[in-house]
Amino acid sequence: MSVALLGTGLLGTAIGQRLLEQGQSLHAWNRHADRLQALTALGASACADPATAVRASDWVITVLSDGPATRSVLERSGLIAADAADAAGGTDTGNGRRRVVLQMGTIAPGESRELARAVTGTGNAYLELPVLGSRPEALTGTLQVMAAGPEPLFQEALPLLRLLGTEPQLLGPVGAALETKLALNQLIASLTHAFSLSLHLVRGSGVEVERFMGLLRASALYAPTFDKKLQRMLENDYSQPNFPTAHLRKDLELFLAAARARGLDTGGLEGLARLLAAAAGGELDDLDYSALHRLTAPGEAGDG
Ligand SMILES: NC(=O)c1ccc[n+]([C@@H]2O[C@H](COP(=O)([O-])OP(=O)(O)OC[C@H]3O[C@@H](n4cnc5c(N)ncnc54)[C@H](OP(=O)(O)O)[C@@H]3O)[C@@H](O)[C@H]2O)c1
């Protein structure tokens, strides 16, 4: 299979690496070309612009930060018309061949529905494909792959999706997979926040953390993510992130918007969104998201 990979950030690079290791031919593009090096060293061809990558491929994977970035890159690739009024447009992607866009970034469900309309409007195909898991899972082909779109397209994409995740699932029409993804990422934010507050309180009380953890692990309240993040929180070390704080904030805001649109009362969660918003643009943005442990105890800077 010939695959265009648009976006080689943390997750995109790991997905590209996996596809190369599985013998796929990869044409990669990234806004900052220096982030292509890890993949070209493994055999990917580096493309100077997204349209070049798309022309060489049948499948187009996008792993970009957010909805607007994804839209602008798909416009530059010729897969959607730059002007919405020019729906029959789109630049020539080459040979009149239909491309399938596999959109893997976490974006708003409404943005995804608009992208689907625009991509199909130029005679191409669109599958929404957010994933749960991070770089380690991408590298080992064990991502949880959630799909949304037409069933025949999902079946067509399955051989490729099975290289990335063990049991890709079709969840419904476009929008459904992203709402599911946001539902899961809300839990990442909420569980990390809840654990952080409790950990700070326990440490302040002087009770040994291991005794607290023993009680927690033996209870129905335990979630594996607590132990996964415990060491980072104790050592106040959030370096080498697989999923940075800036993306957690983005996903929480996307969740809140989606939940409000469904008439849910999001009041209980808005405090966490405010906490993360106040840190925007600061040093936490590029650190592992568990750095929100610093936000829950502002008086304890440097003291995990
Ligand atoms: N990391 C994870 O564990 C994980 C897991 C599941 C889902 N996701 C989702 O996957 C997406 C990518 O995440 P990531 O962790 O790979 O993020 P990242 O390392 O920050 O990479 C972001 C990518 O988007 C590109 N980009 C951002 N703004 C752009 C613009 N205006 N025009 C063109 N390109 C632009 C970046 O290009 P430059 O390199 O040039 O800045 C880079 O390729 C996000 O939606 C994230 O929520 C991530």
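Every read-out reported here was derived from the displayed coordinates using simple, explicitly stated rules and does not represent laboratory data. Source: prediction; values computed, not measured. Virtual Cβ from ideal backbone geometry, glycine too; neighbours counted across all protein chains shown.
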Please check: in the Gaussian network model of the chain (C-alpha springs, under 10 Å), which one of 202, 174, 131 has the largest mean-square fluctuation.
202
Pairs of Cα atoms under 8 Å, at least six residues apart: use those to get the relative contact order of region 177-300, whole percent.
38 percent
For the chain, what does the relative contact order come out to in percent, with C-alpha contacts under 8 Å and a separation of six or more?
13 percent
9 Å beta-carbon shell around residue 111, net charge (K/R +1, D/E -1)
0
Scalar couplings 3J(HN,Hα) for region 149-161 by Karplus 6.51 cos²θ - 1.76 cosθ + 1.60 (θ = phi - 60°), nearest whole Hz, x for Gly and Pro, are x, x, 4, x, 5, 4, 4, 5, 7, 3, x, 6, 4
For a Förster distance of 25 Å, can you work out the FRET efficiency between the beta-carbons of residue 167 and residue 1, rounded to the nearest 0.05?
0.80
For each of 137, 270, 114, count neighbouring Cβ atoms within 10 Å of the residue's Cβ, then give the residues from fewest to most.
270, 114, 137
Candidates 217, 71, 98, ranked by Gaussian network fluctuation over the chain, Cα under 10 Å, top entry:
217
Which residues in region 260-304 place their backbone N less than 13 Å from a point set 7 Å from the Cα of residue 134 along the Cα-to-Cβ direction?
286-293
Residue 253 to residue 117: extension gain in nm, 0.36 nm per residue of separation minus the Cα-Cα distance?
46.6 nm
Label-point separation (nm) for residue 35 and residue 300, each offset 7 Å from Cα along Cα-to-Cβ?
3.3 nm
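Which of 120, 106, 296, 166 comes first, and how do the rest follow, when ranked by fewest Cβ neighbours within 10 Å?
Ordered from fewest to most neighbouring Cβ atoms within 10 Å, 120, 106, 296, 166 come out as 166, 120, 296, 106.
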Loop-located GluC sites (Glu not before Pro) in region 181-263, at most 15 other Cβ atoms within 10 Å (DSSP)
208
Quick check: net charge around residue 137, other residues with Cβ under 15 Å of its Cβ, Lys/Arg +1 and Asp/Glu -1?
+3
Looking at the chain, what % of its DSSP beta bridges pair antiparallel, to the nearest 5?
15 percent
Net charge near residue 219: determine it from the other residues with C-beta under 14 Å of the C-beta of residue 219, scoring Lys and Arg +1 and Asp and Glu -1.
+1
Mind giving me the FRET efficiency for residue 212 and residue 237? R0 is 30 Å, r the Cβ-Cβ distance, nearest 0.05 is fine.
0.90
